[in-house]
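Down below is the structure, laid out as structure tokens.
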Amino acid sequence: PLPTAEVERVAPTPEKDLRGVAFGMEQLAVIAARSGADLAAALEPLPDLYRVWITSQQALATGLEPRRRETANKLLAGMTIACGRISEGINVLKRDDHARRAFAFMNEAIATAARRRIAGPQGDPAAQKEPRWRPFQLAFILLNLSSLVDKAHPDRESVDLLFFPTGGGKTEAYLGLAAFAIAHRRLTAGEAGSGVPVIMRYTLRLLTLQQVQRATALICAMEKLRRDALVQGDESLGIEPFTIGLWVGNKVTPGTTEDSHRAIEDIRNPGKYNAGAASPAQLT
């Protein structure tokens, strides 16, 4: 016997159906730098349109048989909570200057990394189209802002699962949250906020290096923006550089700082370097 199941295609709502929402990353960075009120006005149509969609789904649920209707009602209750969290995140950006500045920085950093990735090693990042958030990416970021800003927020007890098909843009969404969290710590805690704010764990070995490459590109973009700000006399993002590390066990990467220093010396000495040894240089 061979069991089969029909899995319907999942696709995001087209951006053209969500008029009034600003999805351009650089556009959002400019608006966020201007004022919280302007930023809220550019984002508030998103939860409003989500509420309209939830209402349409409630109407569909009434026609289902009892067990399916029970499941639908649970999902609708979750949607309503998510919609409220998105609105709350927008309110945080409206009233909290540190959150607003971190949001502006996040958008600029993600856009910078995206332009470079799309252009390729030899291309011109400035010649690329402005990177844009997909609706679910922006929604996921907004619904997590309150709990990232407020350490006592009840949502910190929740684990939010971003579920979307392969290639849909999950990585960019969670990297956006990482950039926001890192920037917010620097803006609020000064040099004390430069430790390790984000830990990422990858469960599929084949994906690890690709994901680290994406994360490292973002860190490079963030570091470029931090250095540009320093040239302008702005030390709000700190004088310590943004950094990233990778540990995947002693068979692949050195497990101690001392081992790392020795491995780097081995790499610099071609005659001594053991190609099968653990290496701190995982990126070309």
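Kindly establish whether Leu187 is open to solvent by less than 60 Å² (accessible area, probe 1.4 Å), touching a Lys or Arg at 6+ places or on another chain (Cβ under 8 Å), part of a helix (DSSP H, G or I) and aliphatic (A, V, I, L, M). Spelling it out, Leu187 is indeed open to solvent by less than 60 Å² (accessible area, probe 1.4 Å), touching a Lys or Arg at 6+ places or on another chain (Cβ under 8 Å), part of a helix (DSSP H, G or I) and aliphatic (A, V, I, L, M). Output the number of residues of the stretch 248-271 satisfying the condition of being open to solvent by less than 60 Å² (accessible area, probe 1.4 Å), β-branched (Val, Ile, Thr) and modelled with pLDDT under 80. Matching residues across the stretch 248-271 total 1. Residue count for the stretch 196-224 satisfying the condition of being in a loop (DSSP other than H, G, I, E, B) and farther than 16 Å from Ile110 by Cβ: 7. When Pro1 is tested against (1) surrounded by 10 or more Cβ atoms within 10 Å (Cβ to Cβ); (2) free of Cβ contacts under 8 Å to residues at least 40 places away in the same chain, exactly one condition is not met: (1). Against the test of being over 14 Å from the mean Cα position of the chain (by Cα) and buried (at least 19 other Cβ atoms within 10 Å of the Cβ), the options Phe180, Phe242 yield a single qualifying residue, Phe242. Residues in the stretch 14-43 that are open to solvent by 70 Å² or more (accessible area, probe 1.4 Å) and not in a helix (DSSP H, G or I): Arg19 alone.
Scan Arg19, Arg68 and give me the residue that is of a type outside the set (Phe, Trp, Tyr) and either more than 30 Å from Leu218 (Cβ to Cβ) or in contact with a Ser or Thr (Cβ under 7 Å, 6 or more places away or on another chain) (or both). After ruling out the rest, the residue left standing is Arg68. Of the residues making up the stretch 128-151, at least one is free of Cβ contacts under 8 Å to residues at least 60 places away in the same chain and among the small types (Gly, Ala, Ser). Taking the stretch 159-180 as the range and being under 22 Å from Val149 (Cβ atoms) and charged (D, E, K, R) as the test, the residues that pass are Asp160, Glu172.
Within the stretch 60-80, can one find any residue that is open to solvent by 60 Å² or more (accessible area, probe 1.4 Å), in contact (Cβ under 8 Å) with a residue 40 or more places away in the chain and closer than 26 Å to Glu172 by Cβ? No: zero hits. Between Leu60, Leu142, the distinction of being closer than 25 Å to Leu177 by Cα and assigned to a helix (DSSP H, G or I) belongs to Leu142 only.
Here is the figure for the stretch 147-156: residues that are open to solvent by 50 Å² or more (accessible area, probe 1.4 Å) and under 19 Å from Tyr174 (Cβ atoms) total 2. Would you confirm whether any residue within the stretch 225-238 is outside any loop (DSSP other than H, G, I, E, B), at pLDDT below 85, surrounded by 12 or more Cβ atoms within 10 Å (Cβ to Cβ) and not aliphatic (A, V, I, L, M)? Scanning the stretch 225-238 turns up no residue that is outside any loop (DSSP other than H, G, I, E, B), at pLDDT below 85, surrounded by 12 or more Cβ atoms within 10 Å (Cβ to Cβ) and not aliphatic (A, V, I, L, M).
The values are calculated or read from the model by the stated rules, or taken from the named source; none is laboratory data. A quick note: this is a predicted structure, and the numbers were derived from the prediction, not measured. Glycine gets a Cβ as well: all are built from the backbone with ideal geometry, and neighbour counts include every protein chain shown. Heads up: the accessible areas ignore ligands, DNA and RNA and are worked out on the full protein's heavy atoms, side chains in. Shrake-Rupley method; radii C 1.70, N 1.55, O 1.52, S 1.80 Å.
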